[in-house]
1. Please give the FRET efficiency for Thr98 paired with His24, using the beta carbon to beta carbon distance and R0 = 25 Å, rounded to the nearest 0.05.
2. What distance in nm lies between label points placed 7 Å from Cα along the C-beta direction at Val122 and Arg64?
3. List the aspartates and glutamates whose alpha-carbon lies under 19 Å from that of Lys70, not counting same-chain residues fewer than 8 positions away?
4. With a 10 Å radius around each residue's Cβ, average the other Cβ atoms per peptide and rank 57-66, 122-131, 76-85, 92-101, highest first.
5. Tell me which GluC sites (Glu not before Pro) from region 18-88 have a DSSP coil assignment and no more than 12 other beta carbons within 10 Å of their own.
6. Which semi-axes, in whole Å and largest first, does the equivalent ellipsoid of region 86-136 have when worked out from the alpha carbon gyration tensor as the square roots of 5 times its eigenvalues?
7. Using θ = phi - 60° and the Karplus relation 6.51 cos²θ - 1.76 cosθ + 1.60, list the HN-Hα couplings for region 32-37 in order, rounded to whole Hz, with x at every Gly or Pro.
Amino acid sequence: YLLAFFHIARAWVEEAMRANRKGHYHFDVFVSYSGKDERWVMDELLPNLGKRGPPSLKLCLHSRDFELGKDIVENITDSLYRSRHTLCLVSRNYLRSTWCSLEMRLATYRLLAEHRDVLVLVFLEKVPHQLLNVHH
């Protein structure tokens, strides 16, 4: 089952890479975060980027920008590859989430495949090294 899932996800990633080879991005940043940290995203990240960030910075948030009815893995893959960068907001909640793990792995794969700085990690809290080592 997992092997089949891996091959399907890999095919989606490769298709997304082919579709976006020309460098046309719909978003500047795909924000990868745990739903349990959404309050921080809405109360801290968005207002501060609005005040201090570039005026035209376009963020992709799963709660707002994923297409309804579309497969979750396809939504993640398409959004990640339609964004110039991926910002992973790492917390204990993030490291416990299967979907966040997938997003980070896809972003890491993209980083290695494209040889570009496309991945940014921001730690929302101090995370024990053991938890990081087990997770990634």
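Read-outs throughout are calculated quantities, based only on the coordinates presented, and are distinct from any laboratory measurement. Being a predicted model, the structure only gives us computed values, none of them experimental. Quick reminder, even Gly has a Cβ in these numbers, built from the backbone with ideal geometry, and neighbours come from all protein chains shown.
1. 0.25
2. The two pseudo-label positions are separated by 1.3 nm.
3. Glu14, Glu15, Asp78, Glu103
4. 76-85, 92-101, 57-66, 122-131
5. Glu67
6. Output for region 86-136: semi-axes of 20, 11, 10 Å.
7. Along region 32-37, the couplings run 9, 8, 6, x, 6, 9 Hz.
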